[in-house]
Amino acid sequence: MLRKTIYSMPIIILTMGAASAQTDGQELRDIKDGQTSFRTQLEKKNDRDIDRAYQSSFKRIPDAKQKNSDPWGDARSAPPAAGKNKQSRIVSGEKTVSCNADEVLVRVICSEGVPDGAGCSAGSPTGLCMHK
């Protein structure tokens, strides 16, 4: 029993010390709007002037255009333009695929089987045609 009392006393003393450290000086401070009441009228007026100058500085800043939110925008190349200047197109067929005269068949993909030239051994082919 005595051993438990001896071991518990330091814990109680440390707890009381931590609790009293939180309340020291609380009765000396009268906090209003984040400032103590010990500030002089001149200091309060100076703070108001500083706040007004800070707020008015925002009015002098011109409105900047909305910046692009893509941080890698300068590092990437521009996406290909859609429309008349298409570089490639996808074609499909039942047994074979073919491209226009100004295009080249680059790749054939089959739904079943293996590619055989412009067609497939089984299934329907899909091809990629690119401009020359």
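The values are calculated or read from the model by the stated rules, or taken from the named source; none is laboratory data. Keep in mind it's a predicted model, so treat the numbers as computed, not measured.
From the set of residues in segment 95-118 that are part of a loop (DSSP other than H, G, I, E, B) and not small (G, A, S), which is farthest from M130 (Cα to Cα)? Even if it seems obvious, please write down each step before you answer.
First, pick out the residues of segment 95-118 that are part of a loop (DSSP other than H, G, I, E, B): 95, 97-102, 117-118.
In the following step, the residues that additionally are not small (G, A, S) were identified as 95, 97, 99-100, 102.
On the way: K95: 20, V97: 13, C99: 8, N100: 9, D102: 9 Å.
Per the criteria, the residue is K95.
Can you name the residue in segment 23-69 that is among the acidic types (D, E) and modelled with pLDDT of 70 or more and is also farthest from the chain's Cα centre (by Cα) among such residues? Show your work before the answer.
Of the residues in segment 23-69, the ones among the acidic types (D, E) are 24, 27, 30, 33, 43, 47, 49, 51, 63.
With the extra rule that they be modelled with pLDDT of 70 or more, the set shrinks to 43, 47, 49, 51.
Working: E43: 42, D47: 36, D49: 37, D51: 32 Å.
Selected residue: E43.
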